[in-house]
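The block underneath contains the structure these notes are about, expressed in structure tokens.
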Amino acid sequence: MKQKDFLVENLGDNNHLSPLQLSDEFYTTAHRRVLYNNTLSNGANIKDQKLFSFEGAAPHQKIHFDSSNINVGIVTCGGLCPGLNDVIRSVTYNCLDGYAVKTVYGFRFGFEGLTHNFNQDAIRLSPSNIDTIH
């Protein structure tokens, strides 16, 4: 199997405590991994196998940014995507309530929503306009 690059580059040290109030068992570290393939070839020795893995997705106790000083942007690419509104709603609530970010913006139409050439305005997302989008 060709070598896969699953390493995640980071922006530097995580020096800010997460504002999430969770028990220790709910946090993860960069060293906790999820296997890419959980099977071995018939009769293979585990020592002979390359165990590719991903960094697991979960909150960390320390984060890179002071979340109270940042804004978040959510970009969608248009087209049908069942469940996307639920994802937007969940990310918005987690950013505002869990991480206490300043503002969450929604950018529609992919790249068009990110550039002034197409005159697409960003939408400020708040509980009042995302509460019922699911």
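Relative to the longest principal axis of the Cα atoms of the chain, helix 84-93 runs at roughly 80 degrees.
Values (i) -1.04, -1.05; (ii) -1.09, -1.19; (iii) -0.87, -1.12 are given for comparison; log10 I(q)/I(0) by the Debye sum over Cα atoms at q = 0.17, 0.19 Å⁻¹, derived from the coordinates here, is the one labelled (ii).
Here the Karplus relation 6.51 cos²θ - 1.76 cosθ + 1.60, evaluated at θ = phi - 60°, turns the backbone of the range 63-78 into coupling constants of 10, 6, 9, 7, 4, 6, 10, 10, 10, 10, x, 10, 10, 10, 10, x Hz, with x for every Gly and Pro.
The TYR93 and ASP121 beta-carbon pair, evaluated with R₀ = 25 Å, returns a calculated FRET efficiency of approximately 0.65. Proximity of backbone amide H atoms, modeled 1.01 Å from N, is registered between ASP66 and no other residue at under 5 Å, excluding neighbours fewer than 5 places apart on the same chain. Using 0.36 nm per residue and subtracting the Cα-Cα separation, the extra length available between THR29 and CYS77 on full extension is 14.2 nm. For the range 26-32, the Karplus equation 6.51 cos²θ - 1.76 cosθ + 1.60, evaluated at θ = phi - 60°, returns couplings of 8, 8, 10, 10, 5, 8, 7 Hz by residue, with Gly and Pro reported as x. Mean sequence separation of contacting Cα pairs (under 8 Å, at least six apart), scaled by the length of the range 65-130, corresponds to a relative contact order of 38 percent. When +1 charges are put on Lys and Arg Cβ atoms and -1 charges on Asp and Glu Cβ atoms, the dipole computed for the chain relative to its Cα centre reaches about 340 debye. Per residue of the chain, the DSSP helices (runs of n ≥ 4 H) give a summed -39500 (n - 2.57) that works out to -3000 deg cm²/dmol at 222 nm.
Taking every DSSP bridge with both residues inside the range 51-134, close to 40 percent are antiparallel.
Rounded, prolate or oblate for the range 65-130? Axes are the square roots of the Cα gyration tensor eigenvalues, ordered a ≥ b ≥ c, and the cut-off for rounded is a/c under 1.5.
Working: a/c = 2.25, a/b = 1.34, b/c = 1.68.
Verdict is oblate for the range 65-130.
So for the chain, taking the charge dipole from beta-carbon charges (+1 Lys/Arg, -1 Asp/Glu), which of GLY78, SER126, ASN15 sits furthest toward the positive end? The one lying farthest along the dipole's positive direction is GLY78.
Every number in this text was worked out from the coordinates using simple rules, so none of it is lab data. Since the model is a prediction, treat every value here as computed from it, not as a measurement. For neighbour counting, all protein chains shown are included, and Cβ atoms are generated from backbone atoms with ideal geometry for every residue, glycine included.
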